[in-house]
1. Picking from 119, 163, which residue would you name as being touching a Phe, Trp or Tyr at 6+ places or on another chain (Cβ under 6 Å), within 30 Å of residue 365 (Cα to Cα) and of a type outside the set (Ser, Thr, Tyr)?
2. Does residue 393 satisfy being buried (at least 20 other Cβ atoms within 10 Å of the Cβ) and in contact with a His (Cβ under 7 Å, 6 or more places away or on another chain)?
3. If you take the residues of the range 43-75 that are free of Cβ contacts under 8 Å to residues at least 60 places away in the same chain and touching a helix residue (DSSP H, G or I) at 6+ places or on another chain (Cβ under 8 Å), which of them is nearest to residue 329 (Cα to Cα)?
4. Hey, could you check the range 242-290 for residues that are in contact (Cβ under 8 Å) with a residue 12 or more places away in the chain and surrounded by fewer than 13 Cβ atoms within 10 Å (Cβ to Cβ) and say which is nearest to residue 358 (Cα to Cα)?
5. Anything in the range 124-142 that is assigned to a helix (DSSP H, G or I) and not charged (D, E, K, R)? List them, or say none.
6. Being touching a Ser or Thr at 6+ places or on another chain (Cβ under 6 Å) and either under 14 Å from residue 173 (Cα atoms) or surrounded by fewer than 24 Cβ atoms within 10 Å (Cβ to Cβ) (or both) is the requirement here; does residue 110 meet it?
7. Within the group 316, 332, which residue is within 16 Å of residue 219 (Cα to Cα) and of a type in the set (Ser, Thr, Tyr)?
Amino acid sequence: AGAAGAAGLVLGAGGGAAGYAAASGSGGGHGDAKALASVGSTAVPFHGEHQAGITTPLQARGHLVAFDLAPGAGRKEAAALLRRWSAAARKMTAGEPLGDADTGVALDAGPSSLTVTFGFGRTFFGRTGLEKQRPAALDPLPDFSSDHLDARRSNGDLWVQIGADDALVAFHALRAIRKEAGEAARVRWQMDGFNRSPGATAQPMTTRNLMGQVDGTNNPKPSEADFDRRIFVPADGSGEGPGWMAGGSYAVVRRIRMLLDDWEKLTRGDQEKVIGRRKSDGAPLTGGSETTDPDLEKAGPDGRPVIAADAHARISAPEQNGGAAMLRRPFSYHDGIAADGTPDAGLLFICWQADPLRGFVPVQRKLDRGDALSPFVRHEASGLFAVPGGARDGEYVGQRLLE
Ligand code: HEM
């Protein structure tokens with residue numbers, strides 16, 4: 001393979017840009033790489049300073065699974081579990097089959113940008129006798145007045161985020177992770193999501209959510225000087241909190257139901273006022289293109305601000321929240337029709353930050369007081385996870401905590 005010029009693509013996972021970089025060699029270990037489109041042959045390295053699946057471009061398919069350690073399982077079992085999970089993730093993300101026990105679901109597919117990201121919930125530390133290693137950043141999130149949280153679908157000892165640009169590759173990884181859990185851990189909850197498929201639009205831009213908005217525009221960018229400081233715990237160990245989190249990040253996960261039947265009754269103009277951006281191209285209502293900065297001061301002919309006082313993008317902006325910033329990296333979800341006849345659909349909102357108290361919490365506090373989007377969404381589940389730095393060669397994820 002490779003002679004025909006079908007070079008594999010490797011995505012930068014650790015520390016670097018989230019863009020595509022051509023690499024030599026062929027992509028997948030499954031099948032004939034010459035026949036794979038770049039979607040299939042793209043591999044995201046498992047090893048790196050940070051775990052993959054944080055700055056990796058959004059994949060088309062995602063599974064979020066939380067596990068609780070089984071009764072009687074402690075630190076030793078957890079260490080063995082993370083070792084098994086890391087070994088399976090390393091193989092699958094390189095497109096290698098898992099051996100005799102492989103289900104075969106991904107056998108003729110390339111790695112398809114698969115990432116498998118592991119995190120620890122607050123309760124993990126009590127179960128494993130590692131309370132002293134528990135980061136203060138895992139203290140429970142405050143209650144918000146608009147919360148409608150289902151505790152059974154919230155939190156958990158362990159969290160795994162799977163993303164891939166192919167639904168079968170993602171499902172294959174999900175089954176493997178579940179199987180490797182063995183007797184050590186049980187699934188607490190699972191949520192399945194999706195984004196736009198690569199190549200679906202000739203106009204590559206930020207993805208759209210199920211309200212039809214361009215979503216993710218004003219995310220912090222890896223090219224910005226303060227990106228690492230905002231998103232990752234310093235890799236050199238100079239940060240607050242336990243040393244094993246060096247290079248790690250905290251993930252806040254919220255299952256946010258969209259009340260789509262109500263939302264879709266609004267005119268396009270009213271929908272645009274709710275966010276403060278145009279639906280067509282995501283540009284701010286004060287003009288320009290998607291990447292133009294919104295002019296929050298600008299007033300219309302009636303003297304009122306063009307971007308309304310309660311517009312979602314105004315209320316959530318870092319400048320309005322003492323600089324609080326996070327990297328939003330969501331999946332949409334649709335689980336059919338709820339008992340009341342409305343779609344059970346919305347956003348698996350996942351945001352990444354070096355410290356939830358300087359990211360999600362102050363912003364959600366503000367939104368919770370009632371931004372223009374609030375009447376159309378309902379937070380139904382919540383999780384907060386410490387996601388350690390990436391495993392070095394020969395290491396497993398979480399080794400610095402568990403060894
Ligand atoms: C911006 C949608 C929930 C934080 C935006 C934008 C859209 C959007 C369309 C403008 C484009 C962009 O910059 O990405 C939604 C939807 C939500 C939701 C549909 C729920 C279903 C949240 C939550 C938070 C949040 C829960 C955090 C607590 C932000 C931030 C920005 C933003 C920080 C960027 C503001 C800026 O700097 O301009 N959101 N959002 N969003 N949202 Fe949300």
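The values are calculated or read from the model by the stated rules, or taken from the named source; none is laboratory data. Computed from a prediction, not measured in an experiment: that's the story for all the values here. A quick note on method: Cβ atoms are made from the backbone with ideal geometry, for glycine too, and the neighbour counts reach across all protein chains shown.
1. None of the other options fit; the residue is 119.
2. Judged against the criteria, residue 393 is not a match.
3. Applying the filter and picking the extreme gives 45.
4. If we take residues in the range 242-290 being in contact (Cβ under 8 Å) with a residue 12 or more places away in the chain and surrounded by fewer than 13 Cβ atoms within 10 Å (Cβ to Cβ), then 243 is nearest to residue 358 (Cα to Cα).
5. Across the range 124-142, the qualifying residues are 124, 125, 126, 133, 136, 137, 138.
6. When the stated conditions are applied, residue 110 passes them.
7. 316 is the lone residue from the list that is within 16 Å of residue 219 (Cα to Cα) and of a type in the set (Ser, Thr, Tyr).
Condition check ((1) more than 20 Å from residue 65 (Cα to Cα); (2) touching a helix residue (DSSP H, G or I) at 6+ places or on another chain (Cβ under 9 Å)) across all residues:
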position: 114; (1), (2): no, yes
position: 125; (1), (2): no, yes
position: 141; (1), (2): no, yes
position: 144; (1), (2): yes, yes
position: 151; (1), (2): no, no
